[in-house]
1. Quick one: in region B:149-187, which of the residues that are more than 7 Å from chain A (Cβ to nearest Cβ) and of a type in the set (Lys, Arg) is most open to solvent (accessible area, probe 1.4 Å)?
2. Assuming B:Ala133 fulfils every condition listed in (1) assigned by TED's automatic domain parsing to the domain that holds B:Arg205; (2) within 30 Å of the chain's Cα centre (by Cα) apart from one, which condition is it?
3. Just one of A:Thr57, A:Thr44 is more than 16 Å from the ligand (Cβ to nearest atom) and either part of a helix (DSSP H, G or I) or open to solvent by 60 Å² or more (accessible area, probe 1.4 Å) (or both); which is it?
4. Quick one: in region B:124-178, which of the residues that are over 28 Å from A:Ile8 (Cβ atoms) and among the small types (Gly, Ala, Ser) is farthest from the ligand (Cβ to nearest atom)?
5. Going through B:Ala31, B:Ala62 one at a time, which residue ends up being at pLDDT 95 or above, over 30 Å from B:Val199 (Cα atoms) and surrounded by 15 or more Cβ atoms within 10 Å (Cβ to Cβ)?
6. Since B:Met48 meets every condition but one in (1) modelled with pLDDT under 90; (2) open to solvent by less than 50 Å² (accessible area, probe 1.4 Å), which condition does it not meet?
7. Would you confirm whether any residue within region B:199-215 is of a type in the set (Lys, Arg), within 26 Å of the chain's Cα centre (by Cα), within 29 Å of A:Ile8 (Cβ to Cβ) and loosely packed, with under 15 Cβ neighbours inside 10 Å?
8. Which of (1) within 22 Å of B:Ala47 (Cβ to Cβ); (2) within 10 Å of chain B (Cβ to nearest Cβ) is the odd one out, the single condition A:Pro67 does not satisfy?
Amino acid sequence: MSVHIAPIACRDLVELVTDYLEGALPPEQHARFENHIAGCDGCTTYLEQMRETIRLTGTLSEQQISPAARAALLHAFRGWASG
Amino acid sequence: MAEPPAPPAFPGLSPDERRLVEALRARDEDAFMELIDRYQASLVRVAMMYVGSHAVAEDVVAETWLGVLRGIDGFQGRSSLRTWIYRILTNTAKTRAQRERRSISFASLGDGDDGPAVDPDRFLPPGDPAAGAWASPPRGWDGLPEATLLSAETRSVIDAAIEQLPPTQREVIRLRDVEGFSSAEVRALLALSETNQRVLLHRARSKVRAALERYLSEDTA
Ligand SMILES: [Zn+2]
């Protein structure tokens, strides 16, 4: 059983990447997307770069709380708890 | 463990959040510090999206924690504890930003920027038999050392790219990709539709990717 899948241009595929990663493409679009990726090195690389961008953006969250801020909050908590 | 079955309080909360809420209501200091360690840095970063300086952001977060403590006894558990905390934060931060007259950027949140994800010149032009296919495809980053990808410089490129985004795109990508919120949480916090949230995220991520590509290809050239 063969299903005709209309092709997508690379220029249009890059606009679907977030919908694809979010699982928001309708089934037929999803199939067209994966069909395109399977045969296109440029778009495969592009998709990998978007995944990598998300991973690297996530590393911006590595940051410590200052001991002074922590102590001040503890103080505020004690005031509240005893109040 | 051996407690009698409690009435189903906070049906929307995970067991972990239920434990924290109950401990806070019992004035348990460790539970509060656990929340602080979990969310403080992230809250400060989110507050920074609204107010001008790190000092003011820390102030806003301190006020937020007070709001959390004052509100915890009446907390209904209709949203997750985390969403509730961030909602107090964004309300506090917006009020503070208004006082500091930085409200304009949030009053007019229009992100009238509809540029494509990728420079159109990188695709074959209309008229070409393969119009719309890559003319200059991206070069993979898998050959780059992890140390380069995770360097302070790479991170500052990402940070700068995010800073240059229109305000709502910036908020969405920071909450989704830096703070690790789900799409549902971001929609609830920013009052966005599902589609709108996704469009904003897409534009934001596309621009950050483009900035990384520019920087990393310089690096390998
Ligand atoms: Zn392609």
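The values are calculated or read from the model by the stated rules, or taken from the named source; none is laboratory data. If you're wondering where the values come from, they're calculated on a predicted model, not measured in any experiment. In this analysis, Cβ positions are derived from the backbone assuming ideal geometry, glycine residues included, and neighbour counts consider all displayed protein chains. Side chains are part of the model used for accessible areas, which takes the heavy atoms of the whole protein and leaves out ligands, DNA and RNA. Shrake-Rupley method; radii C 1.70, N 1.55, O 1.52, S 1.80 Å.
1. B:Arg187
2. (2)
3. A:Thr57
4. Restricting to residues being over 28 Å from A:Ile8 (Cβ atoms) and among the small types (Gly, Ala, Ser), the top hit is B:Ala152.
5. Going through B:Ala31, B:Ala62 in turn, the sole match is B:Ala31.
6. The number of the failed condition is (2).
7. Yes, region B:199-215 contains a residue that is of a type in the set (Lys, Arg), within 26 Å of the chain's Cα centre (by Cα), within 29 Å of A:Ile8 (Cβ to Cβ) and loosely packed, with under 15 Cβ neighbours inside 10 Å.
8. Looking at each condition in turn, A:Pro67 falls short on (2).
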